[in-house]
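Engineer: Below you will find the structure I want to go over with you.
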Amino acid sequence: MSDSKNAPLPRQVADAYVDDLIALDPITGTYLGVPESARHLPDFSPAGAEAAAELARTTLDRLTEAEARPGADSDAERRCGRLLRERLTAELAVHEAHESLRAVSNLHSPLHSVRSVFTVMPTATEEDWSAIAARLRAVPGALEGYRASLAEGLRRELPAGPRQVATVLGQLEEWIGTGRGWFGDFTAEGPQALRAELDEAAAVATGALAALRDWLRDVYGPGVEGAPEVVGRERYQRWSRMWNGTDLDLDEAYAYGWSEYHRIHAEMRTEAEKILPGATPWEALRHLDEHGVHIEGVEETRVWLQELMDEAIEQLDGTHFDLAERVKRVESMIAPPGSAAAPYYTQPSVDFSRPGRTWLPTMGETRFPVYDLVSTWYHEGVPGHHLQLAQWAHVADRLSRYQATVGMVSANAEGWALYAERLMDELGYLTDPERRLGYLDAQMMRALRVIVDIGMHLELEIPGHSPFHPGERWTPELAREFFGLHCGRPADFLDSELVRYLGMPGQAIGYKLGERAWLTGREAARTAHGATFDAKKWHMAALSQGSLGLDDLVAELSAL
């Protein structure tokens, strides 16, 4: 081991890790705005996964040396070092359980990463499009590596759930299409000078999708038939640490989900009465689907969402936040066909050459109820994901690139975004009964996630105070029925959500549990400061800390 006096500090170790990770994972490089990554894709084979794991092990050894160096106990170094150690340890636990050998999901998998990276690539110049063509030609190799991992999983009897496979097959059919397919549509906007090259490269990439579809349908699907859809407590606890940055008491979290269900249900009844007297909340929401305020047209909806975010920035900046000019730029986008049903956000590149973007999956619809959009865009855009993740990028030089980017803990980010929805309610932006019922419906969905995600994966008993099948044990079928009875979203959205929870165990609970951490930290800081508590100052300090797991979030927020 080298002399600790000459070792780098934890933030230097973290940023060196990002550099090394980009070399292994060019998709991460593109999201961070690294031009050299643009022509390449990662190795998704078992060997590629092991290379990433070996980098994590080596980095942890370097971190141990760095933590012994004078100066490593400063707040900035300590916070970064704790995050890096926790994240890499959680990732290694997932790797060593061979989860990459059954990584099939309708939202989060190597397959989805391969497609989605093209949506954030630069397209301004012929050189940009030439890089796109090169990356398209790399798709077959990347998907072959992914297929090798799944095949090894079959050999080791580590199957993905059949429902995941069926859903992904449907997505692949949509991406392949009956004409030129999604890749062909994407490259249709490219320059005429590269037309032949782009057409050929898109056809190569589409052919790789077709080959994967055929293998999933003919080999993998039959091989996982009858496999369990739920993961059990041991796997769930491991994934929960990965997504949430803490070892949760899952039974306490399950009980908390139920307590939130009952609280939110009571508030929903009050708002529903204002909209349709005598109706249940979900009857009132169905009424709004037909008779509430709507936006007609996909492009019109995109523009409306852009205006909603621009308005929020204008009104919140200087009053509840102090925003840098580059943080104020956010773009509303329409998600590509074949996406999962949930809206999502992509953060800006570290240099802000690519802005933060919100994405609306249309699911084939052209008419959108406002009640279902407003709080969701406070969540995805402003003051939600965009303000947090863009602020991280803005202060990355004071943190580390790791804390501002790849070290993100899902429950921290999703918790902030759900806190942001609640903040807008507290500030009076959701007083209209339609919008407030929509906000509460979104809150209810997050409480339901805690209940059904933990409940079905651990096959817990439904408590006696439940209005739904008390005393029975959760199954995916009961979870889908429960969701349908207590959520105003359409059936295809609910179907997509159930598949998401089955394929990403432990992720969906982070919204509500993360929100609880943010609220607990704020109230502790408010109590400590008393009458001098400054919410704007607290928000900006909280958003400038970079990523934290739930192990550390409450303590750090309380101390601000």
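Engineer: Can you tell me the Rg and the Dmax, both Å, for the Cα atoms in segment 195-275?
Structural biologist: 23.2, 60
Engineer: Give me the compactness ratio for segment 269-410, meaning the Cα radius of gyration over 2.2 N^0.38 Å.
Structural biologist: 1.20
Engineer: Skipping prolines and chain starts, which residues have an amide H placed within reach, meaning under 5 Å, of the one on V409, given they are 5 or more residues away or on another chain?
Structural biologist: So V409 has HN proximity to L548.
Engineer: Something else now. Could you give the size of the charge dipole of the chain about its Cα centre, using +1 on the Cβ of each K and R and -1 on the Cβ of each D and E, expressed in debye and rounded to the nearest 20?
Structural biologist: Values: 55 positive and 86 negative charges, 137 e Å.
In debye, rounded to 20, the chain gives about 660.
Engineer: Next question. Can you tell me the Rg and the Dmax, both Å, for the Cα atoms in segment 68-158?
Structural biologist: Rg, Dmax (Cα atoms, Å): 18.9, 49.
Engineer: Along the positive direction of the dipole of segment 37-90 (beta-carbon charges: Lys, Arg +1; Asp, Glu -1; about the Cα centre), which of S45, L63, L83 reaches farthest?
Structural biologist: Projecting each Cα onto the dipole axis, the largest value belongs to L83.
Engineer: Could you give the spread of the C-alpha atoms of segment 457-515 along their three principal axes, from largest to smallest, in whole angstroms?
Structural biologist: Result for segment 457-515: principal-axis Cα extents of 26, 25, 21 Å.
Engineer: Let me ask something else about it. Considering only C-alpha atoms, what is the centroid distance from segment 381-409 to segment 1-54, in Å?
Structural biologist: Segment 381-409 and segment 1-54 have Cα centres spaced 18 Å from each other.
Engineer: Restricting to DSSP H runs of at least four residues, report the calculated mean residue ellipticity at 222 nm for the chain, -39500 (n - 2.57) per run over all residues, nearest 500 deg cm²/dmol.
Structural biologist: -20000 deg cm²/dmol
Engineer: Enter the mean projected area of the convex hull around the alpha-carbon atoms of segment 279-348, in nm², rounded to one decimal.
Structural biologist: Directional mean of the projected Cα hull area for segment 279-348 stands at 7.2 nm².
Engineer: Can you give the accessible area per residue of the chain, in Å², using a 1.4 Å probe?
Structural biologist: 39 Å²
Engineer: Among DSSP bridges having both ends in the chain, what percentage is antiparallel? Round to the nearest 5.
Structural biologist: 55 percent
Engineer: Tell me the relative contact order for segment 66-199 as a rounded percent, counting alpha carbon contacts under 8 Å between residues six or more apart.
Structural biologist: Numbers: 73 pairs, mean separation 38.2, N = 134.
About 28 percent, as a whole number.
Engineer: With no solvent and one point per C-alpha, what does the Debye sum give as log10 I(q)/I(0) for segment 1-144 at q = 0.10, 0.14 Å⁻¹?
Structural biologist: Log10 I(q)/I(0), no solvent term: -0.42, -0.76.
Engineer: Using Cα-Cα distances under 8 Å and only pairs 6 or more residues apart, what relative contact order does the chain have, in percent?
Structural biologist: Taking the mean separation of contacting Cα pairs over the length of the chain, I get 17 percent.
Engineer: What is the diffusion coefficient of segment 148-251 in µm²/s, taking the Kirkwood radius over Cα pairs and the Stokes-Einstein relation at 4 °C with a viscosity of 1.567 mPa s?
Structural biologist: Numbers: Rh = 16.5 Å.
Estimated via Stokes-Einstein, D reaches 79 µm²/s.
The values are calculated or read from the model by the stated rules, or taken from the named source; none is laboratory data. Predicted model only: the values in this text are computed from it and were never measured. Note that each Cβ is placed from the backbone with ideal geometry, even for glycine, and that neighbours are counted across all protein chains shown. For accessibility, only protein heavy atoms count, side chains too; no ligands or nucleic acids. Shrake-Rupley method; radii C 1.70, N 1.55, O 1.52, S 1.80 Å.
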